[in-house]
Amino acid sequence: MLEQKHLLGLEGYPGKDIQTIIDTAFNFREVLDRPIKKVPSLQGVTIVNLFFENSTRTRISFELAQKRLSADTVNFSASSSSLKKGESFKDTSQNIEAMKIDAVVMRHPTPGSPKHLTNFIDSVIINAGDGTHEHPTQAILDMMSLYEKFGKLKGLRIGIVGDIMHSRVALSNIHGLKTMGAKVTLCGPPNLIPEHINDLGVSYSNNLDEVIEWADALNVLRIQKERMGRGLVPSTREYRSFFGITSDRIKNHKKEIVIMHPGPMNRGVEIDGSVADGDQTIILDQVLNGVASRMSILYLLCGGKTVEGV
Ligand code: CP
């Protein structure tokens, strides 16, 4: 149903397939409003969630998506596995596949590890975030949320604000939004902007107020201290004053702007709590659309059966 067997990233991913995933996700979004939020589309399909890195939203929404599609689902946690006894990544994945599984959802701190996994196993592989590389399902749920809000992606002006350098969310959003015809401006401290920005076909500004005036929506990113060496953001107070989505800054702009955040948020750093909880944000809509988007991706990649009303 989709051109590619796996979903490893959105760089070069076909626009027609992004559109199919989003359209199908809106059908599943409607299922989530029913009293019984479950369809039999993936009955008999077995999916393993391989998480080598912490997660709240992605792990739970994948698991919920699997249950709501009636798939059999197993969770793997690296910290309690035989990896701790020295078993290799290759042996671990091949042993899991030997138990007759159909798909793997993997989060791993090493960029490129989902693609590496395709060398070892034949199952469908979905990247749930690989280090600083890509987080394609987050970008799809972000695009679905923009679609829900604006009814289109083509021509939309999206500001991506913050720590772009360490953000897999930023990279997947850039690739996806560009493919779908949106305009993207990155905004953040120059030392947190990747050097290859010109190759990405996006603009850059270090003036957040100008970006707010330009944009239809802002996707605000977390400062990822765990992925930084020391000193990239010497003062969070200074960061907040230049690049924080503060309530004062939002009040000073007399325009409607939609605020997004992939989570987890650092309240009081990249976004004020009052903005995060305010009317302009669609953060919790993103989270709900994450379940629908992941249902759509699993359904399309795992050969789901057509179900009445879906
Ligand atoms: N947005 C996101 O990937 O959140 P988690 O790390 O909690 O999964």
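Any residue in the range 101-110 that is among the polar types (S, T, N, Q), surrounded by fewer than 24 Cβ atoms within 10 Å (Cβ to Cβ) and either within 16 Å of the ligand (Cβ to nearest atom) or not in a helix (DSSP H, G or I) (or both)?
First, pick out the residues of the range 101-110 that are among the polar types (S, T, N, Q): 110.
After this cut, where a residue has to be surrounded by fewer than 24 Cβ atoms within 10 Å (Cβ to Cβ) as well, the list is 110.
Adding the requirement that they be either within 16 Å of the ligand (Cβ to nearest atom) or not in a helix (DSSP H, G or I) (or both) leaves 110.
Yes, the range 101-110 contains a residue that is among the polar types (S, T, N, Q), surrounded by fewer than 24 Cβ atoms within 10 Å (Cβ to Cβ) and either within 16 Å of the ligand (Cβ to nearest atom) or not in a helix (DSSP H, G or I) (or both).
Among the numbered conditions (1) of a type outside the set (A, V, I, L, M, F, W, C); (2) under 17 Å from the mean Cα position of the chain (by Cα); (3) open to solvent by 60 Å² or more (accessible area, probe 1.4 Å), the only one that Tyr13 does not meet is (3).
Rundown of residues vs (1) modelled with pLDDT under 95; (2) within 16 Å of the ligand (Cβ to nearest atom); (3) not hydroxyl-bearing (Ser, Thr, Tyr), yes/no style:
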residue	(1), (2), (3)
Gln19	no, no, yes
Leu32	no, no, yes
Val39	no, no, yes
Thr58	no, yes, no
Arg68	no, no, yes
Ser80	yes, no, no
Leu83	yes, no, yes
Asp91	no, no, yes
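Does Asp279 meet the test of being open to solvent by 20 Å² or more (accessible area, probe 1.4 Å) and without any contact (Cβ under 8 Å) to a residue 12 or more places away in the chain? Here the answer is yes, as Asp279 does meet what is asked. Scanning the range 16-33 for residues that are open to solvent by less than 30 Å² (accessible area, probe 1.4 Å) and in contact with an Asp or Glu (Cβ under 9 Å, 6 or more places away or on another chain) returns a single hit, Asp17.
So which residues in the range 67-81 are open to solvent by less than 70 Å² (accessible area, probe 1.4 Å) and within 17 Å of Met106 (Cα to Cα), if there are any at all?
We begin by selecting, within the range 67-81, every residue open to solvent by less than 70 Å² (accessible area, probe 1.4 Å); these are 68-71, 73, 76-78, 81.
Selection gives Ala71, Thr73, Phe76, Ser77, Ala78, Ser81.
Based on this model, can you work out whether Asp248 counts as outside the structural domain of Arg57 (by TED's automatic domain parsing), open to solvent by 30 Å² or more (accessible area, probe 1.4 Å) and in contact with a strand residue (DSSP E or B) (Cβ under 6 Å, 6 or more places away or on another chain)? Spelling it out, it is not the case that Asp248 is outside the structural domain of Arg57 (by TED's automatic domain parsing), open to solvent by 30 Å² or more (accessible area, probe 1.4 Å) and in contact with a strand residue (DSSP E or B) (Cβ under 6 Å, 6 or more places away or on another chain). Within the range 190-226, track down each residue that is part of a helix (DSSP H, G or I), modelled with pLDDT under 95 and hydrophobic (A, V, I, L, M, F, W, C). Within the range 190-226, Leu192, Ile197, Leu200 meet the criteria.
Restricting the search to helices (runs of 4 or more DSSP H) fully inside the range 242-310 and requiring at least 2 residues that are closer than 20 Å to Asp17 by Cα gives 283-301. Within the range 128-166, if we keep just the residues that are within 16 Å of the ligand (Cβ to nearest atom), charged (D, E, K, R) and at pLDDT 95 or above, the residue that is nearest to Glu256 (Cα to Cα) turns out to be Asp142. Note on the range 158-189: residues that are in a strand (DSSP E or B) and among the β-branched types (Val, Ile, Thr) amount to 5.
The values are calculated or read from the model by the stated rules, or taken from the named source; none is laboratory data. This structure is a prediction, so every number in the text was calculated from the model and none was measured. Virtual Cβ from ideal backbone geometry, glycine too; neighbours counted across all protein chains shown. To get the accessible areas, we keep the full protein, side chains included, count just its heavy atoms, and leave off ligands, DNA and RNA. Shrake-Rupley method; radii C 1.70, N 1.55, O 1.52, S 1.80 Å.
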